[in-house]
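Asks: Take a look at the following structure, please.
The values are calculated or read from the model by the stated rules, or taken from the named source; none is laboratory data. Everything numeric here is computed off the predicted structure, so don't read it as measured data. With ideal geometry, Cβ positions are generated from the backbone for all residues, glycine too; neighbour counts draw on all protein chains shown.
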Amino acid sequence: MNEKHQWYLVFTKVKSELKAKEHLTRQGYITYLPMAQKRVRRNCKYVYITEPFFPRYLFIKLNTETDNWGPIRSTVGVSCIVRFGGVSAVVPEDLIVELQQQENEIGLHKGDEKQLRSGDKIMVLDGPFAGYQGIFQSTKSAERIAILLDIVGRNIAVTLSMHDLRIA
């Protein structure tokens with residue numbers, strides 16, 4: 001790699017990361033916008049959405065001697081190039097490589113889901129057992145898990161939606 005090329009951080013306008021990436025790419029700049037898949041609740045159902053891994057930020061690779069930095073600030077969706085003490089913040093190449101290596105086969109980062117292990121404490125957030133704390137037993141399906149709840153002094157096995165729980 002040419003040492004004159006370095007990665008920098010672009011701060012975008014709210015929810016304009018994709019628009020900024022598209023317009024910067026059209027102008028011939030090399031950009032990188034890591035994306036992540038996240039599960040969210042919409043209309044009482046859980047759906048997967050794809051969103052930027054770092055909201056309001058994207059990376060741009062610039063040649064410090066030949067690239068014209070002027071148009072970047074006025075590009076649709078861009079707010080500014082991140083600076084510290086008046087100097088544009090350089091992003092280490094190793095960080096970009098590491099982020100790219102963590103992507104799955106379709107270029108997405110996995111959400112912040114943790115693997116549950118038998119014995120993990122679970123808090124029930126929604127449903128008839130909301131507020132109860134239980135112990136993870138096993139996974140029943142992609143969406144349901146079995147936990148033990150201490151109800152009136154007895155451990156009772158209950159199968160609940162994994163979306164209604166969090167690790168305590």
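Rundown of residues vs (1) modelled with pLDDT of 90 or more; (2) assigned to a strand (DSSP E or B); (3) of a type outside the set (Gly, Ala, Ser), yes/no style:
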position: Thr31; (1), (2), (3): yes, yes, yes
position: Gln37; (1), (2), (3): no, yes, yes
position: Val40; (1), (2), (3): no, yes, yes
position: Glu51; (1), (2), (3): yes, yes, yes
position: Lys61; (1), (2), (3): yes, yes, yes
position: Thr66; (1), (2), (3): no, no, yes
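Asks: Continuing with the same structure: Return yes or no: is Leu24 aliphatic (A, V, I, L, M), in a helix (DSSP H, G or I) and under 30 Å from His163 (Cβ atoms)?
Replies: Here the answer is no, as Leu24 does not meet what is asked.
Asks: Considering only residues that are without any contact (Cβ under 8 Å) to a residue 12 or more places away in the chain and more than 26 Å from the chain's Cα centre (by Cα), look in the range 131-154 and name the one that is nearest to Tyr46 (Cα to Cα). Outline the logic, then answer.
Replies: Pass one, the range 131-154, residues without any contact (Cβ under 8 Å) to a residue 12 or more places away in the chain: 131, 141-142, 152-154.
Narrowing the set further to residues that are more than 26 Å from the chain's Cα centre (by Cα) leaves 131, 152-154.
Working: Gly131: 20, Val152: 31, Gly153: 33, Arg154: 31 Å.
Ranking the candidates gives Gly131 first.
Asks: What are the residues in the range 66-113 that are closer than 29 Å to Lys140 by Cβ, among the aliphatic types (A, V, I, L, M) and loosely packed, with under 15 Cβ neighbours inside 10 Å, if any?
Replies: Residue satisfying the conditions is Ile106 alone.
Asks: If you go through the range 103-145 one residue at a time, how many are farther than 20 Å from Arg39 by Cα and in a strand (DSSP E or B)?
Replies: 7
Asks: Another question, then. Output the residues belonging to the range 68-90 that are among the aliphatic types (A, V, I, L, M), closer than 20 Å to Lys19 by Cβ and in a strand (DSSP E or B). Working first, answer last.
Replies: Going through the range 68-90, the residues among the aliphatic types (A, V, I, L, M) turn out to be 72, 76, 78, 81-82, 87, 89-90.
Now restrict to residues that are closer than 20 Å to Lys19 by Cβ: 72, 76, 78, 81-82.
Within the range 68-90, Val78, Ile81 qualify.
Asks: Across the range 114-154, what is the total count of residues that are surrounded by 10 or more Cβ atoms within 10 Å (Cβ to Cβ) and within 30 Å of Val97 (Cβ to Cβ)?
Replies: Residues meeting the conditions: 0.
Asks: Now a separate question. Taking Leu99 as meeting all but one of (1) of a type outside the set (S, T, N, Q); (2) at pLDDT 90 or above; (3) within 21 Å of the chain's Cα centre (by Cα); (4) not assigned by TED's automatic domain parsing to the domain that holds Thr25, write down the number of the exception.
Replies: Failed condition: (4).
Asks: Now, a different point. So Asn2 ticks every box in (1) outside any strand (DSSP E or B); (2) modelled with pLDDT of 95 or more but one. Which box is left unticked?
Replies: Answer for Asn2: the failing condition is (2).
Asks: Counting only residues that are more than 20 Å from Gln102 (Cα to Cα) and basic (Lys, Arg), which one in the range 16-53 is surrounded by the most Cβ atoms within 10 Å (Cβ to Cβ)?
Replies: Lys21
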